[in-house]
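Participant: Quick one: structure below, then a few questions.
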Amino acid sequence: MDFDALYRDARDDVHAYAATLLHDRSAAEEVTATAFERAYRRARKFDPQRGTPRTWLFGIARNAALDELRRRSKQATLAAEPVAADAAEAPDQVAAAIDREALRTALRGLHARDREVIALRYHAGLETSEVAAVLGVSASNVATLLHRAMTKLREALDA
Amino acid sequence: MPDALETALLELRETPTAEFAADLDARVAAGFGATPGRRGAPPQPPRKPKRRLPGWLFPAGGFAVAAALCVLVVAGISTSDMDDSSGGSGGGSAASSADQTMEQAQGSSGGSTAAPSRSLPAPSGAATPGRNRKVERTAALTLTTPADEVERAAASVSDVAGRQGGYVEASTVDAERGDGSGDFVLRIPVDRLDAAMAALARIGDVTQRRQTTQDITASFNVARAALGEARAERTSLLKRLADADTDAETTSLRARLRDANARIGAAQVALRQVDRRAAYARVDVALRAGSGAAADADADEGSGWGVGAAWDDARRVLEVAAGVAVLALAVLAPLALLALLGAGGRRAAVSRARNRALDSA
């Protein structure tokens, strides 16, 4: 396995996944670095028969993110770093920012499991089969989970 | 074609900052040699490599522990086998009217001199007789000592008898210059027989050893019955004497009473003798001057170790090694299974904890 190539290909995707799941930029950076370090140290143990390098990497990243959630649950809840809207944006852009903020808020309000499947599919860019491999469920199950998560997201936005 | 929501989600994707990306790129290029701090904090010095124990240490340690356990188990089994084969002779077995004898020979066969040893293991002797059984134990021991130590050894034999609560029933000691011998008949309380034999074996080189057990319950019962009959007859005669009317009858009854008393006396003596036979073991000890006897025996047998004996020894070693290997496997397999179960259990526990964190987030 070419670790450098995997890193270049997946760095931003892992970061995006962690940021959506944890809705905390600082924690996302920490989890991203941890995930790649663990993958680097376990690169020799990668078994191509058990999945692709990307699904293997995201399995490691998922565990690192869940460990962060476990750590958080034992401490006070960290405040997420809000993303400030750009004050010089044009009215159209301001409206779009509000929409994005509303979406971001709705996304944060979802259950972590729903947020995770959305993060893997849309922010990490994994295909349904790859998401299934990372979560350890069937592809049809992933489709169902994704559909439910998107439905809840729409309901939250409409609310 | 993505719908509006999917498109909005894609636009919401967060990208890493340039600073973080550069930091991480550097760490990857360095093979993760330094641990960066959180953003804004100084990077921490490279972690000292954890001192890892060599990978072979744990299996080797586990095998060593298992091998030690196997040696202990094999030694324990061998010891118990030795005890079983050396002890356990007993005349106190199932009842029968006839006395039963069991012999146990130790250390030699056919009267030939066996390899001398100062400390042959003392057999445990007769099995504990059942209740109401009378068992007579006898033993014979042949000891060799240097010719100039026969007298000393003879004194030691007497001392042993006295210390064990017994006595010397008969003894003959012949200490000639350059030669000597001694023969003893000891009476030792049966519960001290094993200790006495062990003490006697330390006096010289044991060249022959024998122990016999004989159930004498029948003899005891006969003697007791005879005593009972004689007493019953005397009681009857006394009653008849009290009712005697004539002098002739009285004289006759008195004569018969005298006979009955004599029979009672004899029966009592016989019963006491049987009792003593059961209470005191007879030990015949033969002392022989044996200076050089042990060396001669060794010399005679020293050239006997050859290819055949080597083959026997090698086979025995292989048998023991195979036995140890089987025992090691029997010990290691469950341990390995437990370790696997433990590792699997730990992984399952961590997975469950992660899922719980996801559910509670």
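Participant: Per 0.36 nm of contour for each residue apart, how much would the distance between B:Arg254 and B:Gln268 grow if the chain were fully extended, relative to their Cα-Cα spacing?
Facilitator: Once the chain is fully extended between B:Arg254 and B:Gln268, it gains 3.0 nm.
Participant: Pick from A:Ala19, A:Ala65, A:Ala112: which is most flexible by mean-square fluctuation in a GNM of chain A where alpha carbon atoms under 10 Å apart are linked?
Facilitator: Among A:Ala19, A:Ala65, A:Ala112, the largest GNM mean-square fluctuation belongs to A:Ala112.
Participant: Also, I was wondering about something else. Nearest 500 deg cm²/dmol is fine: what mean residue ellipticity at 222 nm does chain A get from its DSSP H runs of n ≥ 4 alone, each adding -39,500 (n - 2.57), divided by its residue count?
Facilitator: Mean residue ellipticity, 222 nm, calculated: -23500 deg cm²/dmol.
Participant: So if each residue of separation counts as 0.36 nm, and I subtract the Cα-Cα distance between B:Glu229 and B:Val65, what length gain in nm does that give?
Facilitator: Gain on stretching B:Glu229 to B:Val65: 52.1 nm.
Participant: Per residue in region B:337-361, which ones lose no less than 40 Å² of accessible surface when going from chain alone to all protein chains (1.4 Å probe)?
Facilitator: Relative to the lone chain, where solvent access is computed with a 1.4 Å probe, region B:337-361 loses at least 40 Å² at B:Arg354, B:Ala357, B:Leu358, B:Asp359, B:Ala361.
Participant: Quick check for me: using +1 on Lys/Arg Cβ and -1 on Asp/Glu Cβ, what's the dipole size of chain A about its Cα centre, in debye to the nearest 20?
Facilitator: For this selection, approximately 880 debye.
Participant: Taking 7 Å along the Cα-to-C-beta vector as the label spot, tell me the A:Ala5-B:Ala4 distance in nanometres, rounded to one decimal.
Facilitator: Going from the A:Ala5 label point to the B:Ala4 one covers 4.2 nm.
Participant: Give me the residues in region A:3-19 whose solvent-accessible area, probe 1.4 Å, is reduced by at least 20 Å² once all protein chains are included instead of the chain isolated.
Facilitator: Going by heavy-atom accessible area, the residues of region A:3-19 that drop by at least 20 Å² are A:Tyr7, A:Arg11, A:Asp12, A:His15, A:Ala16, A:Ala19.
Participant: Let me ask something additional. Rank these residues by their accessible area, most exposed first, probe 1.4 Å: A:Glu68, B:Glu249.
Facilitator: B:Glu249, A:Glu68
Participant: For labels at B:Lys239 and B:Val320 in the simple 7 Å Cα→Cβ model, what's the distance in nm?
Facilitator: According to this spin-label approximation, the distance is 7.4 nm.
Participant: Of A:His123, A:His111, A:His15, which has the largest mean-square fluctuation in a 10 Å C-alpha GNM of chain A?
Facilitator: Sorting by GNM fluctuation, first place goes to A:His111.
Participant: Would you pull out the residues with amide H under 5 Å of B:Glu136's amide H, same chain only if 5 or more places away, H placed 1.01 Å from N?
Facilitator: Correct list: B:Gln214, B:Asp215, B:Ile216.
Participant: Moving on. Using 0.36 nm per residue, how much length does the chain from B:Asn132 to B:Ala155 gain when fully extended, once their Cα-Cα distance is taken away?
Facilitator: Length difference between fully extended and current span is 4.6 nm.
Participant: Still on this structure: For the interface of chains B and A, what total accessible area is buried with a 1.4 Å probe, rounded to the nearest 100 Å²?
Facilitator: What B and A bury together is about 3700 Å².
Participant: Would you mind checking which residues have amide H under 5 Å from B:Ser171's amide H? H placed 1.01 Å from N; only 5 or more apart, or other chain.
Facilitator: Distant-sequence amide H within range of B:Ser171: B:Val185.
The values are calculated or read from the model by the stated rules, or taken from the named source; none is laboratory data. Everything numeric in this text was worked out from a predicted model, so none of it was measured. Cβ sites come from the backbone with ideal geometry, for glycine too, and all protein chains shown count toward neighbours. All accessible areas refer to the heavy atoms of the entire protein, side chains included, with ligands and DNA or RNA removed. Shrake-Rupley method; radii C 1.70, N 1.55, O 1.52, S 1.80 Å.
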